[in-house]
């Protein structure tokens, strides 16, 4: 088993050593002292950033998978209640099939939530072995004997990067190790709490899976605190920077893509509402300038068929009148012949005198 484990880690040790040496050469070219512990510490930080950038797609999948696992817990509970107390082979197989169908229907994969951690673990152990080999002056690939001796002598605040709390030779190493362990545990706790408290709806937090996550929220920092006393300072730097990166990256993803019904989604909707309200107010302020003339809209018709009063035409467009003072009967519209009380129209002759009809006879009073 040990040979198999070494066979897997050996290539990764070469990769880790090559990346560290590349960053160390880059920082040295920028003017950093080659033998300084800060130069080697920055090389470890560069290793973290490179690895985390490559793992960004998997990290997004991890966030979505963790969120999805929480959201489907009510349905998972229904399936478990359906087959509760049934231990026969057919019931167990049916329960497994329904669970897999639920994963497929919701696009949830429970293994995606731990994929980034699983992929980082070999790199973590490879870095652990590289730093542990420095006090023994073990060269690995591009990390030759000269660089190994230089890295072994490099210190931060008087503490060698390859030293551990359990094998510390001075007080500076113990103090720095304790500080790094506290930071590592605190960032682990904050990252997990941020995921549960901000990106999960209340309905998804009331189930056995969520209770297990809450237990791990407090157990994992204790595990790192206990095991951290055996980690070299360089490994503690790697793990702390990784946690800080995860915390910031997770904050960005949750802020932009929150889970439905979560407090983060409510906060996102409030921010969008404030931005929309501010934009509307700005448009209203800019659009209501006092210098702009008011535009009168035409009044609506008060009744069906109501016609608009004709405007007076200029002299050049007036219709010529007939000898009796009326418009010519040949012209339609306003110049058409008037109708008498009987419905006929007057087509010729002068207008009758007052008191006379069309024939010139006196009108009889009614």
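Restricting to region 222-242, count the residues that are in contact (Cβ under 8 Å) with a residue 60 or more places away in the chain and either outside any helix (DSSP H, G or I) or in contact with a helix residue (DSSP H, G or I) (Cβ under 8 Å, 6 or more places away or on another chain) (or both).
Selection size over region 222-242: 13.
Does residue 275 count as modelled with pLDDT of 65 or more and surrounded by 10 or more Cβ atoms within 10 Å (Cβ to Cβ)?
Judged against the criteria, residue 275 is a match.
Yes or no, residue by residue, for (1) in a helix (DSSP H, G or I); (2) touching a strand residue (DSSP E or B) at 6+ places or on another chain (Cβ under 8 Å); (3) under 30 Å from residue 127 (Cα atoms):
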residue: 4; (1), (2), (3): yes, no, yes
residue: 7; (1), (2), (3): yes, no, yes
residue: 35; (1), (2), (3): no, no, yes
residue: 44; (1), (2), (3): yes, no, yes
residue: 61; (1), (2), (3): yes, no, yes
residue: 80; (1), (2), (3): yes, no, no
residue: 87; (1), (2), (3): no, no, no
residue: 93; (1), (2), (3): yes, no, no
residue: 99; (1), (2), (3): yes, no, no
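For region 136-165, enumerate the residues that are over 19 Å from residue 9 (Cα atoms), over 41 Å from the mean Cα position of the chain (by Cα) and surrounded by fewer than 20 Cβ atoms within 10 Å (Cβ to Cβ).
145, 146, 149, 150, 152, 153, 158 - these are the residues of region 136-165 that are over 19 Å from residue 9 (Cα atoms), over 41 Å from the mean Cα position of the chain (by Cα) and surrounded by fewer than 20 Cβ atoms within 10 Å (Cβ to Cβ).
Out of all the residues in region 23-59, which are more than 32 Å from the chain's Cα centre (by Cα) and touching a residue at least 40 places away in the same chain (Cβ under 8 Å)?
Of everything in region 23-59, those that are more than 32 Å from the chain's Cα centre (by Cα) and touching a residue at least 40 places away in the same chain (Cβ under 8 Å) turn out to be 24, 34, 35, 36, 37, 38, 39, 40, 41.
Keeping to region 169-191, report how many residues are surrounded by fewer than 20 Cβ atoms within 10 Å (Cβ to Cβ) and under 28 Å from residue 245 (Cα atoms).
Final tally of qualifying residues: 10.
Among (1) assigned to a loop (DSSP other than H, G, I, E, B); (2) at pLDDT 85 or above; (3) touching a strand residue (DSSP E or B) at 6+ places or on another chain (Cβ under 9 Å), which single condition is residue 135 missing?
(2)
The values are calculated or read from the model by the stated rules, or taken from the named source; none is laboratory data. Remember, predicted model here, so these are calculated numbers, not experimental data. Cβ atoms come from the backbone with ideal geometry, glycine included; neighbour counts cover every protein chain shown.
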